[in-house]
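Q: My structure is below; once you've seen it, I'll send some questions.
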Amino acid sequence: MPTDNTTANPAIKAPIVRFAPSPNGLLHVGHARSALLNWRFAKAHDGRFLLRIEDIDITRARPEFETAIFEDLGWLGLDWAAPIRRQSEHFAEYELALGELRKLGLIYPAFLSRAETTARISEIEATGRVWSRDPDGAPHYPGEDRTLSASERAQRIAAGAPHAWRLDMQAVLDGLGSALSWSEYGFGPSGETGEIRADPGTWGDVVLARRDVPASYHLAVTLDDAIQNITDVIRGEDLFAATSVHRLLQHLLGLPAPRYHHHGLVRDETGRKLSKSDGSTSIASLRQQGASRADILVQAGIPV
């Protein structure tokens, strides 16, 4: 596991950092690693450590998991500044940001379901054509809805057609003018550091909102970081590529760009990153088995 020296940047003064778990499962050792890196960084630089509850998907969020988050972090010895920001309490702010992008003509309603999208792409690939995929391996949305007229879109929406709001990536890139970048003092999956050029086009027409969820992760996290004045985003390297989308949204919405530090992940014996679905690696489970705080820190790769 690479070493994460989050105290190495001498230019950082009084930073504001955050740990932002989703209450849809129990925290695992990987979460402990990220939370501790953020908390220690804030303490080392006389900064502030914030806790954000990312419960934008209210169908999966559970109050018992939020309670468990507080208990696990408290047991690890962490404290955080009040108040806690819960995404479910800020839907209007996400709607406002989405409306700004709609006014700019940069988003469109996408009506294909996931099943329909998969079937459409399978048909295309059956002809031998290679279909582009995003950094996570998901196929790009076909984007046929881009050509619908405003009246057609309005009629479908008025009729209750399920849809998501997607970013028209090509239209955005055509009007961008100059390249975007972000300041990285951690590292990417291949050791990237320094000034990183953003490449949002690799993500295709990303979802920014669904009919039942007013903001996607990309939109919510970008807006939340700006509203909370986050100066340094310290998170796992699995989100390194997604920073290109976040940097683009910051540009489009006129938001400040924080510094980024992507850190190595805690992985299981097979090399896979830990998952909430594997209850054996949860902090709560390990505590019940008699693990001490020092044991968790060792497993998380954090100096005791």
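Q: Pull up the cross-link candidates among the lysines for K13, meaning alpha carbon to alpha carbon under 16 Å and not fewer than 8 places away within one chain.
A: Cα-Cα hits under 16 Å: K43.
Q: May I ask you to list the trypsin sites (Lys or Arg not before Pro) in region 77-146 that are in a DSSP loop and have at most 16 other Cβ atoms within 10 Å of their Cβ? Show your work: numbers first, answer last.
A: Details: sites: R85, R86, R102, K103, R114, R120, R129, R133, R146; in loops: R129.
Sparse-neighbourhood loop trypsin sites (Lys or Arg not before Pro): R129.
Q: What's the whole-number percent of alpha carbon pairs in region 18-164 lying beyond 22 angstrom? Before the final figure, lay out each step's value.
A: Working: 6545 of 10731 pairs.
In whole percent, the share of Cα-Cα pairs in region 18-164 beyond 22 Å is 61.
Q: Now a separate question. Can you give the net charge of the other residues whose Cβ lies under 11 Å from the Cβ of L297, counting K and R as +1 and D and E as -1?
A: Net local charge, L297 excluded: +2.
Q: Give the Rg (one decimal place) followed by the Dmax (whole number) of region 95-170, computed from C-alpha coordinates and expressed in Å.
A: That works out to 13.8, 42 Å for Rg and Dmax.
Q: Let me spell out the model: positive unit charges on the Cβ of Lys and Arg, negative unit charges on the Cβ of Asp and Glu, origin at the Cα centre of the chain. What dipole size does that give, in debye rounded to 20?
A: On the way: 33 positive and 39 negative charges, 50 e Å.
Roughly 240 debye, rounded to the nearest 20.
Q: For region 205-268 and region 20-71, what is the centre-to-centre distance using only Cα atoms, to the nearest Å?
A: Value for the Cα centre distance between the two parts: 16 Å.
Q: Once you have the Kirkwood Rh of the chain from its Cα pairs, apply Stokes-Einstein at 4 °C and 1.567 mPa s and quote D in µm²/s.
A: Details: Rh = 20.8 Å.
Estimated diffusion coefficient is 62 µm²/s.
Q: Which whole-Hz couplings ³J(HN,Hα) result when phi for each residue of region 81-91 is put into the Karplus expression 6.51 cos²θ - 1.76 cosθ + 1.60, θ = phi - 60°, listed in order with x for Gly and Pro?
A: For region 81-91, the Karplus-derived couplings read 6, 9, x, 7, 8, 10, 4, 5, 9, 10, 4 Hz, x marking Gly and Pro.
Q: Along the charge dipole of the chain, Cβ charges K/R +1 and D/E -1, which of V213, A171, L297 sits furthest on the positive end?
A: My answer, from the dipole projection, is L297.
Q: Restricting to the chain, compute how many DSSP beta bridges are antiparallel as a %, nearest 5.
A: Numbers: 14 of 27 bridges.
Antiparallel bridges: around 50 percent, rounded to the nearest 5.
Any read-out appearing in this document is the output of simple, stated calculations on the displayed coordinates, not a laboratory observation. Computed from a prediction, not measured in an experiment: that's the story for all the values here. Ideal geometry is used to build each Cβ from the backbone, glycine not excepted, and the neighbour counts take in all protein chains shown.
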